[in-house]
Amino acid sequence: MSENQATMAPQAEGQAPEFDAIVVGAGFSGLYMLHSLRRQGLSVRVYEQGGGVGGTWYWNGYPGARCDSESVYYMFTDHMSEEILGEWDWSERYAAQPEILRYLEFVTDKMDLRRDIQFNARVVSAVYAPERNRWDIRLADGGAASARFLITAVGCLSSTNTPKFPGIDTFAGESYHTGAWPHEGVDFTGKRVAVIGTGATAVQAVPEIAKQAAHVWVFQRTPNYDIPGRNRPLDSGYAAGVKADYKDLWQKARESGFGLPYQIVERSAVDYSQEERQPIFEAAWAKGGFYMGLETFSDYLVNRESNDTVSEFLRSKIREMVKDPAAAELLAPKDHPFFTKRPPLENGYYETFNRDNVTLLNARTTPIEEITPRGVRMGGHEYEVDAIVYATGFDAMTGTLFGMGITGRDGLRLQDKWRDGPRTYLGLTTRGFPNLFVITGPQSPSVLSNMPVAIEQNVEWIAGLIQHMTANNLAVAEPAQVAEDKWVAHHDEVAAATLLLGTDSWWVGANIPGKPRTLYPYVGGVGPFRAICQEVAEKGYEGLVLTRHEAPAPAAAGG
Ligand code: NAP
């Protein structure tokens with residue numbers, strides 16, 4: 001048997017099981033990766049920290065959680081299974097978390113994926129052994145395994161961030177982080193609740209919590225430009241139309257900038273008069289969703305003057321919706337341009353501040369001082385509450401990878417290699433870590449796109465490379481230094497041409513004290529990124545050093 005051939009090696013008692021590939025995470029990306037490698041006849045084991053599939057949709061069960069991409073474009077395509085695509089129908093324009101979770105469970109069962117997934121299995125170390133060309137994995141429960149390929153499918157927003165407020169452990173009431181929500185749900189009926197944060201998560205949660213709670217205090221440090229989502233039951237005619245046309249629409253999404261098949265018009269707002277711009281903005285406002293950013297004018301991220309026009313339009317809408325002028329002014333962002341932080345989609349968020357039981361607080365001018373046993377102290381006042389909801393985001397894109405103890409050649413730890421910021425080739429690989437592949441990693445489009453589109457491309461590229469290695473009896477893949485340096489330079493150059501680095505956001509790591517400030521996702525667009533990756537593959541995986549393994553292959557590795 002060649003060393004690239006499949007099958008799990010026979011295992012002596014007590015010996016760690018050996019696989020061709022280990023995938024970490026069973027969300028969208030892990031499920032598709034498992035399916036793609038199994039299809040090649042490889043032995044694959046998925047380790048998932050949660051008790052079920054779903055990834056982000058397993059953990060983020062907070063009230064109001066739903067997808068900000070339209071559900072008809074937030075799913076696996078026919079590349080995964082034509083049958084599933086045909087069988088599944090969404091109920092709303094933006095699917096809520098329970099429905100997405102049901103979908104992922106449906107896919108898992110339909111594709112018989114569960115048998116290769118180990119749940120409640122947190123990877124705490126992953127060490128590359130060069131003499132065996134294998135990754136040795138350890139789990140929190142002491143379990144162990146090894147594989148030639150290690151593929152992280154851990155999502156971009158999976159390590160929660162809770163600011164280190166003084167006194168945080170002294171609070172006597174209930175504390176929740178939105179990214180680790182109790183699966184049994186939380187009943188806020190009649191309770192006094194503090195919500196800290198006003199990002200995309202809080203914008204979804206606050207209206208729902210306010211419907212139950214006696215009172216909600218929203219601690220806002222930075223307001224966002226929230227766009228109306230205009231969620232509604234999905235029109236079956238529209239959904240059927242998308243299904244009938246899905247091959248073209250998905251291809252369009254794959255070739256687009258942000259992974260959505262929208263009509264991008266290349267034009268600048270500065271070339272239009274205020275009278276001409278207004279109906280364009282109003283049309284996108286009425287439509288709801290990311291159309292505001294994608295189908296009005298195309299240069300918001302690179303032209304401050306153009307951006308000012310849409311930013312002012314959005315501020316004017318906030319002033320119309322919120323009755324209290326002081327609250328409206330506080331909610332209207334002035335410190336950053338539109339879309340330089342991820343704009344949340346809102347379904348009733350602004351109107352929530354017209355309710356008597358909701359109070360907006362300015363945590364910018366008077367930062368939160370401490371958490372006390374009874375609540376939150378800010379500006380010398382103690383807000384007494386029964387529950388605190390931390391909607392304070394994530395250590396995005398690198399937090400979970402660094403928490404896995406990934407150690408490459410010569411004992412190099414990933415967090416040491418990336419101490420000054422990620423260094424990758426295509427966001428998918430990094431030198432010093434042979435056969436490690438990162439799905440939706442830093443320096444790939446990932447969060448700057450509709451995630452399933454970015455995921456599909458990443459997974460298929462990795463699967464294609466592994467297939468190429470098998471076919472050519474190659475065992476080790478690692479980027480050349482020059483290729484990695486070139487990719488980082490290109491990534492940085494594209495980022496520097498935008499307004500993104502000038503705004504404090506999690507996209508640039510600004511939410512985590514001490515995190516290197518750099519743009520984490522690649523802003524060149526999913527379409528152009530796909531083309532680059534395709535060209536790399538067509539040129540025999542140019543930039544990667546692909547070799548046979550030189551050490552004698554151990555018998556247990558199936559060699
Ligand atoms: P986030 O965007 O990072 O927002 C965290 C919030 O907490 C911000 O308002 C932040 O204020 C605030 N905060 C952090 N530390 C604070 C402190 N010490 N004092 C006061 N406020 C503090 O996190 P998120 O809302 O969870 O969203 C993260 C990302 O998840 C989104 O951008 C989006 O990509 C994704 N998401 C997607 C969906 C969807 O599609 N279904 C839904 C929700 C979230 P500052 O802004 O001042 O830092």
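Miscellaneous remarks
- Residues of the range 68-86 classified as in a helix (DSSP H, G or I), in contact with a helix residue (DSSP H, G or I) (Cβ under 8 Å, 6 or more places away or on another chain) and without any contact (Cβ under 8 Å) to a residue 60 or more places away in the chain, total: 2
- Considering the range 301-332, and only residues there that are buried (at least 19 other Cβ atoms within 10 Å of the Cβ) and under 26 Å from the mean Cα position of the chain (by Cα), the residue that is nearest to the ligand (Cβ to nearest atom) turns out to be L331.
- Taking the listed residues G155, G142, G173, the one that is more than 22 Å from A129 (Cβ to Cβ), modelled with pLDDT of 95 or more and away from the ligand (no atom under 16 Å from the Cβ) is G173, with no other qualifying.
- Candidates M397, M378: the one that is in contact (Cβ under 8 Å) with a residue 40 or more places away in the chain and crowded, with 22+ Cβ neighbours inside 10 Å is M397.
- When A477, A497 are checked against the criterion of being away from the ligand (no atom under 16 Å from the Cβ), farther than 17 Å from S444 by Cα and touching a residue at least 60 places away in the same chain (Cβ under 8 Å), A477 stands alone in meeting it.
Residue-wise test of (1) touching a helix residue (DSSP H, G or I) at 6+ places or on another chain (Cβ under 6 Å); (2) of a type outside the set (G, A, S).
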| position | (1), (2) |
| --- | --- |
| A387 | no, no |
| T392 | no, yes |
| G403 | no, no |
| D410 | no, yes |
| Q415 | yes, yes |
| R419 | no, yes |
| R423 | yes, yes |
| P434 | no, yes |
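- Every residue from the range 143-156 that is buried (at least 20 other Cβ atoms within 10 Å of the Cβ) and assigned to a strand (DSSP E or B): A145, S146, A147, R148, F149, L150, I151, T152
- Selection count, the range 281-300, where residues are crowded, with 20+ Cβ neighbours inside 10 Å and closer than 15 Å to Y225 by Cα: 9
- The combined condition, being among the acidic types (D, E) and without any contact (Cβ under 8 Å) to a residue 40 or more places away in the chain, is not fulfilled by E131.
- Applying a threshold of 6 Å to beta carbon distances and a minimum spacing of six or more residues, or different chains, the list of pairs starting in the range 194-210 at a residue that is within 14 Å of I388 (Cβ to Cβ) and ending at one that is within 9 Å of the ligand (Cβ to nearest atom) and assigned to a helix (DSSP H, G or I) reads V195/A202.
- Test: residue in the range 194-217 that is aromatic (F, W, Y) and more than 16 Å from L360 (Cα to Cα): no
- Against the list (1) within 14 Å of the ligand (Cβ to nearest atom); (2) surrounded by 16 or more Cβ atoms within 10 Å (Cβ to Cβ), the condition A510 fails is (2).
- V124 vs. criteria surrounded by fewer than 17 Cβ atoms within 10 Å (Cβ to Cβ), over 19 Å from the mean Cα position of the chain (by Cα) and either part of a helix (DSSP H, G or I) or β-branched (V, I, T) (or both): yes
- Scanning the range 22-45 for residues that are in contact with a helix residue (DSSP H, G or I) (Cβ under 9 Å, 6 or more places away or on another chain) and among the β-branched types (V, I, T) yields V23, V24, V44.
- Condition met for T108 (of a type in the set (S, T, Y), in contact (Cβ under 8 Å) with a residue 24 or more places away in the chain and part of a loop (DSSP other than H, G, I, E, B)): no
Residue-by-condition table, conditions (1) closer than 30 Å to N435 by Cβ; (2) touching a helix residue (DSSP H, G or I) at 6+ places or on another chain (Cβ under 6 Å); (3) acidic (D, E):
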position	(1), (2), (3)
A144	yes, no, no
F149	yes, no, no
Y176	no, no, no
F188	no, yes, no
V195	no, yes, no
T222	no, no, no
I227	no, yes, no
N231	no, no, no
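- For the range 186-213, the candidate set comprises residues that are more than 23 Å from R377 (Cβ to Cβ) and of a type in the set (S, T, N, Q); within that set, the residue that is farthest from the ligand (Cβ to nearest atom) is T189.
Residue-wise test of (1) in contact with an Asp or Glu (Cβ under 7 Å, 6 or more places away or on another chain); (2) within 16 Å of the ligand (Cβ to nearest atom).
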site	(1), (2)
D20	no, no
A26	yes, no
L31	no, no
E48	no, no
S69	no, yes
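- Residue check, Y520 touching a helix residue (DSSP H, G or I) at 6+ places or on another chain (Cβ under 7 Å), within 16 Å of the ligand (Cβ to nearest atom) and of a type outside the set (G, A, S): yes
- Filtering the range 267-296 to residues that are outside any helix (DSSP H, G or I) and under 23 Å from Y74 (Cα atoms) leaves G288, G289, F290, E295, T296.
- Residue within the range 178-185 that is within 15 Å of the ligand (Cβ to nearest atom), at pLDDT 95 or above and β-branched (V, I, T) present: yes
- The range 439-476, subset buried (at least 24 other Cβ atoms within 10 Å of the Cβ) and either modelled with pLDDT under 95 or of a type in the set (S, T, Y) (or both), residue nearest to L150 (Cα to Cα): T440
The values are calculated or read from the model by the stated rules, or taken from the named source; none is laboratory data. Because the structure is predicted, anything quoted here is derived from the model rather than measured. Because the Cβ atoms are built from the backbone with ideal geometry, glycine has one as well, and the counts that use them run over all protein chains shown.
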